[in-house]
Amino acid sequence: MDARTWSLVFDLLGVFFFAVSGSLLAVQKNFDIVGSLLLGSLTGLGGGVIRDLVLGRFPNSFAEPVYLAPPVLAAAVVYFLMPAVQKARRTLLTFDAAGLALFCITGTVTALNYRVNPVSAALLGTVTAIGGGLMRDTVANVRPGLFDRHDLYAIPAMVGAGAVAGLWALGLYSTAAGMVVAVVVFGFRILALRLRWRVPLAASSRHRSAGEAPARE
């Protein structure tokens, strides 16, 4: 397959993985099958729509009907094959990590193909990766992983998007390289979840204590 075909495959897989995570959250929230399909579609397609609108082009998810197939398949898979939700959170996070890994690659490459500079392309790749998950959590009324210090949600996406932009700028990017970066990003996210890595708070504990002192007087 040529690079264009591989890019489409990566994109559709990313939509599917993210859509599964959305449908799993719908199960946790006791949504019906329509809610599962809509939440899965929002999760799988949202980041790409944001990217395309920023690039000033008609969103791929509306221009190419094939993009609507992964959310439908995801909702069906969750409905028929994953009725038990006791382990749904772990499964949700795994599928979310897979979607994140693929979308930070495809989002960055899409921007680079539109001759966006590497830094801006990496930012768009990150937005593509985290946009759908942010929409999913907001609509489902749960705390977005993006704002949870116990979840390195955006950092793996930034690393992957930055790696792709850097390889592209050096003339070293290829489909194989993109696959390797996606695997690294996926492993990084899963490892961060398993080991409970955290990011620092917006202010150090010393500064927070100093700021809280007047309120206690």
Quiz item: Does V78 satisfy being open to solvent by 40 Å² or more (accessible area, probe 1.4 Å) and of a type in the set (V, I, T)?
Solution: no
Quiz item: When you scan the range 175-186, how many residues do you find that are surrounded by fewer than 15 Cβ atoms within 10 Å (Cβ to Cβ) and in contact (Cβ under 8 Å) with a residue 24 or more places away in the chain?
Solution: 1
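Quick one: which residue in R149, R143, R115, R90 is at positive phi and free of Cβ contacts under 8 Å to residues at least 60 places away in the same chain?
Answer to the check: R115.
Among the residues of the range 145-165, how many are more than 21 Å from D11 (Cβ to Cβ) and at pLDDT 85 or above? Give the derivation first.
Going residue by residue through the range 145-165, those that are more than 21 Å from D11 (Cβ to Cβ) are 145-152, 155.
Within this subset, residues satisfying the condition of being at pLDDT 85 or above are 155.
Of the residues in the range 145-165, 1 are more than 21 Å from D11 (Cβ to Cβ) and at pLDDT 85 or above.
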Practice problem: Report whether or not L25 is open to solvent by 50 Å² or more (accessible area, probe 1.4 Å), in a helix (DSSP H, G or I) and either within 18 Å of G131 (Cβ to Cβ) or of a type in the set (S, T, N, Q) (or both). | Solution: no
Practice problem: Return yes when G40 is open to solvent by less than 50 Å² (accessible area, probe 1.4 Å), assigned to a helix (DSSP H, G or I), under 15 Å from A129 (Cα atoms) and in contact (Cβ under 8 Å) with a residue 60 or more places away in the chain and no when it is not. | Solution: no
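The values are calculated or read from the model by the stated rules, or taken from the named source; none is laboratory data. These figures come from a predicted structure and were not determined experimentally. Counting neighbours? That spans all protein chains shown, and the Cβs are built from the backbone with ideal geometry, glycine included. Ligands, DNA and RNA are stripped out before the accessible areas are found, and what is left, the full protein with its side chains, is counted by its heavy atoms. Shrake-Rupley method; radii C 1.70, N 1.55, O 1.52, S 1.80 Å.
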